[in-house]
Amino acid sequence: MHIQKKDLDRDVVNPSQIRNIIRTFKNKLPELFPGRSEVPKTLIFAKSDSHADDIIHIVREEFDEGNYFCKKVTYKTEEDPKSLLAQFRNAYNPRIAVTVDMISTGTDVKPLECLLFMRDVKSKNYFEQMKGRGTRTFGFDDLRKVTPSTVSAKTHFVIVDAVGVTKSVKTDSRPLERKRATPFSDLLNAVTMGAQDEDLFMSLANRLARLANQLTAKEKGIFEEKAKGKTINQTVKDLLNAYNPDSIEEKADEIKRDNPEITETEAREQAKEHLNKTASSTFNGELNDYIENVRRVHEQIIDTVNIDNVTAAEWGKDAIYKAGEMVKDFSEYLKEHKDEITALRIFYDQPYKLRELTFSMIKEVLDKLKADKPVLAPLHVWQAYEQLETVNGKSPKNELVALVSLIRRVTGIDAQLTAYDKTVDINFRNWVFEKQAGALKFNEEQMNWLRMIKEHIATSFHIELDDLDYTPFDAYGGRGKMWQLFGDGMDTVISEMNAALVV
């Protein structure tokens, strides 16, 4: 039996193919989203409703999660699709949504961080719309409400291409021609979900009119039953009337007669809304399913003989090239401004002064970088490095920590990109070991204070005596308590830690 690529997941279903994709996706998540303890909000594009069902079943098995974890968001779902969208947007679960096309356009899901394509798309415009679901930025506090382990605001999204959608040829076409190329099911779904577009309504009317000529009397009767008493011909007429100027004018006159107090403009707007609702309210999941089934006999062959194997799961060559360009641009930016920004001058020319670095100095670099080159945000550059070399440590706690780590890598202080807090941890252990190698021995309470100071330096890069009056030190007695513990040696401890931990 000869199987065409386009037949997979439509006429032929290969469960191993789906399972291999989902399993590889799961295994790659720590690389795609370092430091996360939960799956980022992910949208999977499927080829058909049955394909979506297969994907959901396998996702739940591979991730060992229940129904709440992964849900289908299409017009055929048993749950209210609008309610499901609200959950996907605002609640912790579901983490993964699978759709055919219902939320490819017109729906805002800001926490969405990953798009997994398991279907190809030939229309350039439609592909851009699908990608557009991931482009919404989202603040750190808002994103943390649905994805608690996030380390920053949403500044980017990831496309996982399992079918070559980013490489397949896309076609540009005029709006009407684009509608002609749109699958029947896509038109039905869009109208069902409330899309209001003249080309969309006209295209669907034309498809149904052609279908009406092919149906038997019995099939037309079933259509009428599922359409709540409306014939297929009346359905076509309602779709055409929705944007027919004469029909709109006629309905507007009727509304004006019943409501003489409203203006002509208001009457026309109400007429348009009424005609749109009349046309679109006919469609529902059961009717749409019947239309698709009666249009073509759909028989799937379950392929359990030809078992797929994963041959590659890697960053695309274009992604690696772009990562290299980003790292290069970042390095050039630092060199270009090293003489005008104090912190950069220290890193480049006066590394012995690293002990003098302050939070405000690093913040100055970050603010200028964001103002001049927002595309070089530290977390973006960090992820670019991850595609180019082995990185020592997990994704940084915040942008400032990432920035210091990156500056140290660019200026040659670190031969390998290393999370700054990891550097501080190592330096802290070495410093404590050296101090206690002689007669000096820190007790447990002193060590707790030293660890707090270490954590402060890891995120603020420097500690001053005044910092002991604030969180977290104030909760443990502030500078008075530290003096109690270290006596006259307190200033020496602070000075030594500032010097030893940042080298």
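Return the residues of the range 328-344 that are open to solvent by 80 Å² or more (accessible area, probe 1.4 Å) and either of a type in the set (Ser, Thr, Tyr) or assigned to a helix (DSSP H, G or I) (or both); say none if nothing qualifies.
Passing the criteria: Lys328, Glu332, Lys335, Glu336.
Give the residues of the range 52-75 that are surrounded by fewer than 21 Cβ atoms within 10 Å (Cβ to Cβ) and either farther than 11 Å from Val100 by Cβ or touching a residue at least 24 places away in the same chain (Cβ under 8 Å) (or both), sorted by residue number. If you could, list the steps in order and put the result at the bottom.
As a first pass, look at the range 52-75 and keep what is surrounded by fewer than 21 Cβ atoms within 10 Å (Cβ to Cβ): 53, 57-58, 60-69.
Within the range 52-75, His57, Ile58, Arg60, Glu61, Glu62, Phe63, Asp64, Glu65, Gly66, Asn67, Tyr68, Phe69 meet the criteria.
If a residue must be among the aliphatic types (A, V, I, L, M) and closer than 21 Å to Tyr420 by Cβ, how many such residues does the range 455-492 contain? Show your work before the answer.
Going through the range 455-492, the residues among the aliphatic types (A, V, I, L, M) turn out to be 457-458, 463, 465, 468, 475, 482, 485, 490.
Then drop every residue that is not closer than 21 Å to Tyr420 by Cβ, which leaves 457-458, 463.
Summing the residues that are among the aliphatic types (A, V, I, L, M) and closer than 21 Å to Tyr420 by Cβ in the range 455-492 gives 3.
Taking the residues in the range 76-101 that are at pLDDT 85 or above, touching a strand residue (DSSP E or B) at 6+ places or on another chain (Cβ under 9 Å) and outside any helix (DSSP H, G or I) as candidates, determine which candidate is surrounded by the fewest Cβ atoms within 10 Å (Cβ to Cβ).
Asn93
Residues of the range 307-327 being assigned to a helix (DSSP H, G or I) and hydrophobic (A, V, I, L, M, F, W, C), which ones?
Within the range 307-327, Ala319, Ile320, Ala323, Met326, Val327 meet the criteria.
Only one of Ala500, Ala415 is surrounded by 13 or more Cβ atoms within 10 Å (Cβ to Cβ) and closer than 30 Å to Leu369 by Cα; which?
Ala500
Do any residues in the range 461-488 that are of a type outside the set (Val, Ile, Thr) have Cβ atoms under 7 Å from those of residues that are outside any helix (DSSP H, G or I) and surrounded by 11 or more Cβ atoms within 10 Å (Cβ to Cβ), where the two are at least six apart or on different chains, and which pairs are they?
Phe461/Leu357; Phe461/Thr358; Phe461/Val502; His462/Leu357; His462/Thr358
Look through Glu364, Glu356 and report the one residue that is at pLDDT 90 or above, open to solvent by 70 Å² or more (accessible area, probe 1.4 Å) and out of contact with any Asp or Glu (no Cβ under 8 Å at 6 or more places or on another chain).
Numbers: Glu356 fails: at pLDDT 90 or above.
On inspection, the qualifying residue turns out to be Glu364.
Please go through (1) modelled with pLDDT of 90 or more; (2) open to solvent by 70 Å² or more (accessible area, probe 1.4 Å); (3) not acidic (Asp, Glu) for Ile222 and return the number of the only condition it doesn't satisfy.
With (1) modelled with pLDDT of 90 or more; (2) open to solvent by 70 Å² or more (accessible area, probe 1.4 Å); (3) not acidic (Asp, Glu) applied to Ile222, the lone miss is (2).
Please verify whether Ala377 is modelled with pLDDT under 90, open to solvent by 20 Å² or more (accessible area, probe 1.4 Å) and aliphatic (A, V, I, L, M), treating the condition exactly as stated.
No, not satisfied.
Only one of Glu65, Glu38 is closer than 20 Å to Phe157 by Cβ and in a loop (DSSP other than H, G, I, E, B); which? Outline the logic, then answer.
Values: Glu65 fails: closer than 20 Å to Phe157 by Cβ.
Checking each option against the conditions leaves just Glu38.
A quick yes/no check of all residues on (1) open to solvent by less than 80 Å² (accessible area, probe 1.4 Å); (2) in a loop (DSSP other than H, G, I, E, B); (3) at pLDDT 90 or above:
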position: Ile426; (1), (2), (3): yes, no, yes
position: Arg429; (1), (2), (3): no, no, yes
position: Phe433; (1), (2), (3): no, no, yes
position: Ala439; (1), (2), (3): no, yes, no
position: Glu445; (1), (2), (3): no, no, yes
position: Lys454; (1), (2), (3): yes, no, yes
position: Thr459; (1), (2), (3): yes, no, no
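Out of all the residues in the range 380-398, which are at pLDDT 85 or above and either among the polar types (S, T, N, Q) or open to solvent by 10 Å² or more (accessible area, probe 1.4 Å) (or both)?
Across the range 380-398, the qualifying residues are His380, Gln383, Tyr385, Glu386, Gln387, Leu388, Glu389, Thr390, Val391, Asn392.
Please identify the pairs in which a residue from the range 337-360 that is closer than 17 Å to Ile457 by Cα has its Cβ atom under 6 Å from the Cβ atom of a residue that is hydroxyl-bearing (Ser, Thr, Tyr) and open to solvent by less than 40 Å² (accessible area, probe 1.4 Å), counting only partners at least 6 apart or on another chain.
So the pair list comes out as Phe347/Thr411; Phe359/Ser460.
The values are calculated or read from the model by the stated rules, or taken from the named source; none is laboratory data. None of these values were measured; they are calculated from a predicted model. With ideal geometry, Cβ positions are generated from the backbone for all residues, glycine too; neighbour counts draw on all protein chains shown. Heads up: the accessible areas ignore ligands, DNA and RNA and are worked out on the full protein's heavy atoms, side chains in. Shrake-Rupley method; radii C 1.70, N 1.55, O 1.52, S 1.80 Å.
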